[in-house]
Structure formats: structure tokens, C-alpha cells
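Comments concern the structure below.
The values are calculated or read from the model by the stated rules, or taken from the named source; none is laboratory data. Note that the coordinates shown come from a computational prediction; the quantities given were computed from them, not determined experimentally. Quick reminder, even Gly has a Cβ in these numbers, built from the backbone with ideal geometry, and neighbours come from all protein chains shown. Only protein heavy atoms, including side chains, enter the accessible area calculation; ligands, DNA and RNA are left aside. Shrake-Rupley method; radii C 1.70, N 1.55, O 1.52, S 1.80 Å.
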Amino acid sequence: DSVIKRFAAQKILLEGNDFGNSGNLEKALKCYEQALILDETYNNALNNQAIMLAKLNRLEEADESCNRSIQIDPKNNDALDIKGK
């Protein structure tokens, strides 16, 4: 069941990436939020969520996403890099 949820979350994350790359930040953010509903420990979704939140100038929320990601994996360099920007 967790493997199926992760696979579905990955598919949604990729859709979010497409939206983000085309400049539709709000739709990208919604995709990452949906991916996290399926798998709340999915670091890639947390990292991408943080990036979109920062681009939308929602910096406090972006910081919270980074913190959640770092709690899951303290050596998550992506989250540490995003947090440092």
C-alpha cells in the first residue's frame, strides 16, 4: 500500500514540476500538497513545495516545509540549500 501511494505521489509530483516549469506556481503547489497527502514523508514533494512557496513569497511556509523535510532526513542537502536561500 505504501509503495502504491509513493508511486501515485511521484506521478503527482511530476505533474507539479510541469506546472512549475511553465510558470503556473499555484497549480504546482497544489500538486505538491496532493502528493504530500498521499505520502507525508516524501521529501522531494516537501522540497518542491518549499521552492514554490518561496517563489510565491510565502517565506514562513517555505521554511516550515524545509524544516519538515530536514526532520525526516537531517542530511537532506536540498532542503538545507533551499532554507539557506
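Relative contact order for the chain: what percent, with Cα pairs under 8 Å and sequence separation of 6 or more? Relative contact order here is 22 percent. At a 1.4 Å probe radius, carbon and sulfur cover how many percent of the accessible area of the chain? Summing carbon and sulfur atoms, their accessible area is 50 percent of the total for the chain.
Note on N21 and N57: their simple-model spin labels are 2.8 nm apart, each label 7 Å out from Cα toward Cβ.
Full extension from L14 to E64: what is 0.36 nm times the residue separation minus their Cα-Cα distance, to one decimal in nm?
Stretched fully, the L14-E64 segment lengthens by 15.8 nm.
Which order do you get for E33, E64, E40 if you rank them by accessible area with a 1.4 Å probe, largest at the top?
Sorted descending by solvent-accessible area, the residues read E40, E64, E33.
Solvent exposure of the chain amounts to 64 Å² per residue of accessible area, where only protein heavy atoms count and the probe is 1.4 Å.
For the chain, the mean residue ellipticity at 222 nm estimated from helices alone is -26000 deg cm²/dmol, where every DSSP H run of n ≥ 4 contributes -39500 (n - 2.57) and the total is divided by all residues, rounded to the nearest 500. Restricting the calculation to Cα atoms, every distinct pair contributes to the Kirkwood radius of the chain, found to be 12.5 Å.
Taking each residue as 0.36 nm, the span from V3 to D73 lengthens on full extension beyond its C-alpha to C-alpha distance by 23.3 nm. Each residue of the range 67-77 is assigned a 3J(HN,Hα), and the resulting list reads 4, 4, 5, 5, 4, 6, 9, x, 9, 6, 5 Hz, derived from the Karplus form 6.51 cos²θ - 1.76 cosθ + 1.60 (θ = phi - 60°), x at Gly and Pro.
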